[in-house]
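Notes to accompany the following structure.
Computed from the coordinates by the stated procedures, all read-outs in this text should not be read as laboratory data. These numbers come from a predicted model, not from an experiment. Every residue, glycine among them, receives a Cβ derived from its backbone with ideal geometry; neighbour counts consider all protein chains shown.
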């Protein structure tokens, strides 16, 4: 068989044939020609199991780089520790910064990782690294976490967006994207407005016409797609097929649909409102939602910055976890707090902390996570990782493992195999449930 | 006198140049027409594999495909129908000749080269695009353009624009090295930066850093001119941890020794200061030109007989992929011994032909689009699985580039009388220039299609719900298609006109019936027409070149 | 005539420290200073010494950054981010009284000119007035809102007495200022300096500004507020140093100084007993001292100093300031050169 048949393995060749043989020719779902479906056909049991569980990820992205000292890895009383105290939590022996009092009472849902050593302390490079889970090389356009999750956990015929990214703030705003996975997994990217662009029917066309016009388009397009076995053509049909569903999901983005009590529960800030939108989306089956809260890049006035932003994070994150739990969604939703890097132990002349990627923290809560666990350890002043060093790829492997996605899986770009996590990276079983 | 002119030692490495895989004597005759050579080699493989290729596409499909490829837009109804109705036996040859000679070709081929050279680059580079346009109009050959782009001439404003290729990448040595290698030699050496290539024996760290050495001295002055330093070398740590100074080395292993030049310490210091001034002072005079230019050497070495295989094969493969939808070697940047061509002899033949014809790309384009392989239908009607794409047995469907799509939408949605390329001459060129510029804004909303291209739901939402789009393209004013067909009294005529305008063909009976049925149900007839035209404008049949 | 001349500005001495000096007080008539540090400790430093060495205060001290220091008679009162006020015996260098004064960070501690009243401000948004002798609470001044209009915790950075000790002013993160009568604890005026908040709903959904310093003019009629102006789209202290001067009784702004030559926060302002200038200091990554004419707003003199200055204190002859800052204490002199025959011309 030809080497170009996907990855060249006999197994894939067979699935490819099965795919065209059953799905395409039978005309069941004419627009399913994407890699996910092929994978699903390759291992239908696993694939359908994942879909049934409806797992989701909410990424709280702390753009600019939050300080581990003022959040998850406090060093009170040390020269590098800053002025804040560490406080006890609902988990004996675990302390976090006093700036997160609400989260301190919810650590039983959460694992703290204190041992990221990712080496890239540049905003652009660090962002790409932590978004993609690996150092980006020019040869390959890697997908980011959102696109990977959308591909692994999204349904091909989903009626809702499968990757929503909210980035209202100007600092570090970055769209990310699907890379080689293709536009099917591109984010619905929200910046100025919380309503996705072009989601509303224009007033110039009545509802019935809008629907029937789409039906006509589909009918006419079918003839073209029928005998052309091409994934790009299929994606065109799939994109148009999803229009009506996505339009119907407009209300998901509207927090006015929530009772005032729910809105009060989350709080009035933009970040807190977006946490509420994230919950609405996840509840409706969106597999990946990113909420970016920026301005953590505290080169000046680190402590005032964290006093302000940690209050925002503490309220938004704890409300989100409580709400997910109450709705029975926390077991299937993984909430991640992550940034491009952490901040220096040294306190600079502007009472700021600068970029630091050698020993910093992130958290994983909910789905597949052993709550109350802490992984890794930094030295007393937080200069370096003393125990359990993790790279970006190890974090990604852990995220996939928590979600039940095979972290050893490979994609194929032409003939080139691309492992879903970077070479040699492994999950950390200690924090997995 | 501080300078001693040394001998430039060019050492031909004993490492085999894997590029030539077939003995020249075994290749088909050099005087064969390009299209004949293509069809001979493609057919040979099909016969060997016992694959019956798809038939030649119908006239409508062919005129659309070729016009999109050579003019960057769909044909007008008049252009298409003239071709379809012609009974001349050599009408396809004439079509290709006409298209190649048209004003549109220069724009389209320029756009293709622009994508090839600057595809991943952000920001405007209008002067560079102008340079490309002029080059295509003069049929400047590829080796000459390579010289222009890599060496350039900061004093000649026209050729200065060409160095934009280097200038926009000059701040990142890795990017400049790898993208030059990828674009011009079809070789992605980036893996070899950190280690000898894991999968491919061809590329070692010495190759990566050897290639980088040609660019190490390149810098951009404060005035945004391209210049080179007097000295500078690339140092790297080998995988075994040994510190090493890279030798300027081409991919074939050919190395270049810099002439030994004695320079006094004072002079060196002055040179360094001059360079520093150039980098910092926007009022500095012209940049000093060192006697030895590594970039010039790279061009010289890369174009040497034998070494020029890389340069020739890379562009042959890329031009092939432009028109056939994938390279003979695929992916395009993986031309190495571990990833052989689907048709090695054809690649060799075409490369030899290109070299023998002084890198005349337009001649190559003409040959490719005249081949049978290019002209097959993209439909696979057999009950068997479609043949592997690298057999070129059935035409590959290719997404339109953002510019092609934008211009084609504009044409398709216009009153069929609005554009008349047949007037030719300056009048049409002006019109075409306008079309090109007016299409830019809309084109910018789309990403350049890469491998595994997919249409995202954002695009479908834009076309479905963006009032601006609907108002502009499906407007019923006189200058628009809807405006034109609403004057027509017969519904079948309306449907037929719309099909020709948007999809370059007549509708089938079924399609007429479907549209009829749709229009029938509308209480507001013009709105119905607008919706029908919308359904055609958003068809995959318009979105792709098929 | 005053013995000072801002144009004769000179950094005459620096003492390197291990931590960050966040506040400072000076024993009148001496070169002895007391400063609070980021290592949670309080030190004495005799700047008359050739190589001044900090001497640590002992006993049960603060448990966080020490951010306010004021001398009240024979005692030093310090406040810290631990919410405590501590009275220290200067000679024994030991605490004599510890008061849990605020629920949140104490941002500054000042003493009335006669040393009888201590005022502290903290992020509980309260200003508390204390009897310096007994440590008894005299008044709690409630005015500043705990949350910003954008629902984030606010901060109360600045407090200052007037020279006659009759008035005290407080200023917060959103740029709100209140003027109070010390005797009664009654609010008698309010002022707004909203630019100092540095919040921008689009470009900067975050604030690192606020009113960081306040000072009354010698006659008590004017009130100057210091902070930072509009900050660019990055998170350094990359905005103009900013001062607004008010005729507080008329509730009118008389000067607005936005100085891009030296960027960053204005952390402290002081008016001399006489003269037309006032002095301020602060910084971004570096530090500055600027003298302005309070009538015209024009620069009298300005220069950089070796570090970001968190607080300074003028000596009693008002020709020297002792600055506490990042990793060091600096002595800045601006002494007029005595010219016997002619009076010292005011600098312009």
Checklist entry - For chain A, what are the per-bin percents of Cα-Cα distances with bins 10 Å wide, up to the bin holding the maximum? => result 4, 21, 31, 24, 13, 6, 1, 0
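How big is the C-alpha Rg of region C:73-114 next to the rule-of-thumb value 2.2 N^0.38 Å, as a ratio?
Working: Rg = 10.6 Å, N = 42, 2.2 N^0.38 = 9.1 Å.
My calculation over the Cα atoms of region C:73-114 gives 1.16.
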Item to check | Average other protein chain Cβ within 10 Å of Cβ, residues C:279-285 | outcome: 2
Item to check | Cα→Cβ-extended label distance, 7 Å offset, between residue B:262 and residue A:155, nm | outcome: 8.2
Next on the checklist: At a 10 Å Cβ-Cβ cut-off, how would you order C:43, B:374, fewest neighbours first?
Outcome noted: C:43, B:374
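At a Förster radius of 45 Å, what calculated FRET efficiency corresponds to the Cβ-Cβ distance of residue B:358 and residue B:383, to the nearest 0.05?
Working: r = 48 Å, r/R0 = 1.06.
With R0 = 45 Å, the Cβ-Cβ based efficiency is 0.40.
Compare the peptides C:272-278, B:157-163, A:289-295 by average per-residue count of other Cβ atoms within 10 angstrom and give them in order, highest first.
A:289-295, B:157-163, C:272-278
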Item to check | Residue-averaged 222 nm ellipticity for chain A, from DSSP H runs of 4+ at -39500 (n - 2.57), nearest 500 | outcome: -10500 deg cm²/dmol
Next on the checklist: Sequence gap at least 6, Cα distance under 8 Å: using those rules, report the relative contact order of region A:333-392 to the nearest whole percent.
Outcome noted: 32
Item to check | Normalised contact order of region B:399-545, rounded percent, pairs of Cα under 8 Å and 6 or more residues apart | outcome: 31
Item to check | C-alpha long axis of helix A:392-403 to longest principal axis of chain A, angle in ° | outcome: 60
Checklist entry - According to a simple spin-label model (label point 7 Å from Cα along Cα-to-Cβ), what is the distance in nm between residue B:271 and residue B:240? => result 3.2
Checklist outcome for this item: Helix B:425-443 sits off the longest principal axis of the Cα atoms of chain B, rounded to the nearest 10 on a 0 to 90 degree scale, by 80
Checklist entry - Arranged from highest to lowest average of other beta-carbon atoms within 10 Å per residue, in what order do the peptides B:236-242, C:219-225 appear? => result C:219-225, B:236-242
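To the nearest 0.05, what FRET efficiency results for residue A:170 and residue A:80 with a Förster distance of 25 Å applied to their C-beta separation? Walk me through the intermediate numbers first.
Working: r = 30 Å, r/R0 = 1.20.
Efficiency computed from Cβ-Cβ geometry: 0.25.
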Item to check | Within a Gaussian network of chain C (alpha carbon springs, distance under 10 Å), most fluctuating of C:64, C:213, C:290 | outcome: C:64
Item to check | Inter-chain shielding of C:150-156 (mean C-beta neighbours from other protein chains, 10 Å cut-off) | outcome: 4
Next on the checklist: Between residue A:248 and residue B:58, what is the label-point separation in nm under the 7 Å Cα-to-beta-carbon projection?
Outcome noted: 3.7
Checklist entry - Once region C:196-265 is represented by equal point scatterers at the alpha-carbon sites, with solvent omitted, what log10 I(q)/I(0) does the Debye formula produce at q = 0.16, 0.18, 0.21, 0.24 Å⁻¹? => result -0.56, -0.68, -0.84, -0.98
Item to check | Net length gained if the chain between residue A:54 and residue A:255 were fully extended (0.36 nm per residue, minus Cα distance) | outcome: 70.1 nm
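Using a Förster distance of 25 angstrom, determine the FRET efficiency expected from the C-beta separation of residue B:233 and residue A:119, and round it to 0.05. Walk me through the numbers before you get to the answer.
Details: r = 26 Å, r/R0 = 1.05.
With a Förster radius of 25 Å, E is 0.45.
Quick one: compute the contact order of chain C, relative version, from alpha carbon pairs under 8 angstrom and 6+ residues apart, as a percent. It would help to have the intermediate numbers written out before the result.
On the way: 1033 pairs, mean separation 53.6, N = 348.
Across chain C, relative contact order equals 15 percent.
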Checklist outcome for this item: note: chain C, Cα-Cα separations exceeding 29 Å make up a percent value of 34
Item to check | Solution diffusion estimate, µm²/s, Stokes-Einstein, chain B, Kirkwood Rh from C-alpha pairs, 37 °C, viscosity 0.692 mPa s | outcome: 127
Item to check | For chain C, built as a Gaussian network whose Cα springs stay under 10 Å, the top-fluctuating residue of C:202, C:18, C:51 | outcome: C:202
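Kindly provide the Kirkwood hydrodynamic radius of region B:399-545 in Å, to one decimal, from all pairs of distinct alpha carbon atoms.
Values: mean 1/r = 0.0623 Å⁻¹.
Hydrodynamic radius (Kirkwood, Cα pairs) of region B:399-545 is 16.1 Å.
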Checklist entry - Per-residue mean of other chain beta-carbon atoms within 10 angstrom of the beta-carbon, peptide A:170-177? => result 2
Checklist entry - Taking only the alpha carbons of region C:150-203, what extent do you get along each of the three principal axes, in Å, biggest first? => result 43, 19, 16
Item to check | Helical contribution to [θ] at 222 nm, DSSP H n ≥ 4, -39,500 (n - 2.57), averaged over chain B, rounded to 500 | outcome: -15500 deg cm²/dmol
Checklist entry - Helix A:44-53 versus the longest principal axis of chain A: what angle, 0 to 90°, nearest 10, using Cα atoms? => result 50
Item to check | Distance histogram in 10 Å bins (all Cα pairs of region A:66-115, percent per bin) | outcome: 29, 58, 13, 0
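Please label the shape of region A:199-333 as rounded, prolate or oblate, based on the square roots a ≥ b ≥ c of the eigenvalues of the alpha-carbon gyration tensor (a/c under 1.5 means rounded; beyond that, a/b larger than b/c means prolate, else oblate).
Details: a/c = 2.61, a/b = 2.18, b/c = 1.20.
Note, shape of region A:199-333 comes out prolate.
What do you get for Rg/Rh of the protein assembly as shown when both radii come from the Cα atoms and Rh is the Kirkwood radius? Display every interim value, and only then the final one.
On the way: Rg = 36.7 Å, Rh = 35.5 Å.
We get a ratio of 1.03 for the protein assembly as shown.
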